[in-house]
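Participant: Sharing a structure, written as structure tokens. Questions coming.
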Amino acid sequence: MIQAEATAKGIRTSAQKAGLVMDLIRGKGVNQALATLQFTRKIIAREIAKVLRSAVANAQQKEGFGGDVERLFVQACFANQGTSMKRVRPAPMGRAFRVVKRTAHLTVRVAEHPLKIARVAQDGDAAKPARARKTGGAAGAAKKTAGRKTAAAKA
């Protein structure tokens, strides 16, 4: 199974804001994740889409890649806190307030779904009928209540 990773460092957003958008694409197929990012109304979605495209390009360059981008999915994506720029903002009466401008490191890891190979039946494999078993779940409850008359039907 092919895995590839891409990282963008020093992106001007907080890791918390980036993590909210990354939660939307985790575990999805690459094409579905790119579509989700395209229509997400957060500025950071553009940067995450760039990193995702870079991870896909890295996967295509790996030896042993099958060539089918449709089989790639977002295995992991996370945002770590980067360096914080500390600035000073003037405040009343000669004081100063500290402003922290945060950055984040965005990481996206894509992997390839394994091929599903159908099992070929052999001569000794006869189709055995599955044994029916009783289930008490919703089907059993529906059968039990079907025969009962409701209060509205009695009146």
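Participant: Just one of the numbered conditions (1) more than 39 Å from the chain's Cα centre (by Cα); (2) modelled with pLDDT under 60 is not true of GLY124; which one?
Facilitator: Status for GLY124: all satisfied but (2).
Participant: Out of all the residues in segment 68-90, is one or more in contact with a helix residue (DSSP H, G or I) (Cβ under 8 Å, 6 or more places away or on another chain) and of a type in the set (Asp, Glu)?
Facilitator: yes
Participant: When you scan segment 95-113, how many residues do you find that are surrounded by fewer than 10 Cβ atoms within 10 Å (Cβ to Cβ) and either at pLDDT below 95 or in contact with a helix residue (DSSP H, G or I) (Cβ under 7 Å, 6 or more places away or on another chain) (or both)?
Facilitator: Residues flagged as surrounded by fewer than 10 Cβ atoms within 10 Å (Cβ to Cβ) and either at pLDDT below 95 or in contact with a helix residue (DSSP H, G or I) (Cβ under 7 Å, 6 or more places away or on another chain) (or both) within segment 95-113 amount to 0.
Participant: Within segment 47-104, how many residues are closer than 18 Å to ILE11 by Cβ and aromatic (Phe, Trp, Tyr)?
Facilitator: Of the residues in segment 47-104, 1 are closer than 18 Å to ILE11 by Cβ and aromatic (Phe, Trp, Tyr).
Participant: How many residues, within segment 58-114, are free of Cβ contacts under 8 Å to residues at least 60 places away in the same chain and touching a Ser or Thr at 6+ places or on another chain (Cβ under 9 Å)?
Facilitator: Adding up the residues that qualify gives 6.
Participant: Which residues, counting only those in segment 1-14, are outside any strand (DSSP E or B) and either surrounded by 13 or more Cβ atoms within 10 Å (Cβ to Cβ) or under 10 Å from the mean Cα position of the chain (by Cα) (or both)?
Facilitator: Of the residues in segment 1-14, the ones outside any strand (DSSP E or B) are 1-2, 12-14.
Matches in segment 1-14: ILE2, ARG12, THR13, SER14.
Table: residues versus (1) at pLDDT 90 or above; (2) among the acidic types (Asp, Glu); (3) more than 20 Å from the chain's Cα centre (by Cα).
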{"residue": "ALA49", "(1), (2), (3)": "yes, no, no"}
{"residue": "VAL56", "(1), (2), (3)": "yes, no, no"}
{"residue": "LEU72", "(1), (2), (3)": "yes, no, no"}
{"residue": "LYS86", "(1), (2), (3)": "yes, no, yes"}
{"residue": "MET93", "(1), (2), (3)": "yes, no, yes"}
{"residue": "ALA132", "(1), (2), (3)": "no, no, yes"}
{"residue": "THR135", "(1), (2), (3)": "no, no, yes"}
{"residue": "LYS144", "(1), (2), (3)": "no, no, yes"}
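The values are calculated or read from the model by the stated rules, or taken from the named source; none is laboratory data. A quick note: this is a predicted structure, and the numbers were derived from the prediction, not measured. Virtual Cβ from ideal backbone geometry, glycine too; neighbours counted across all protein chains shown.
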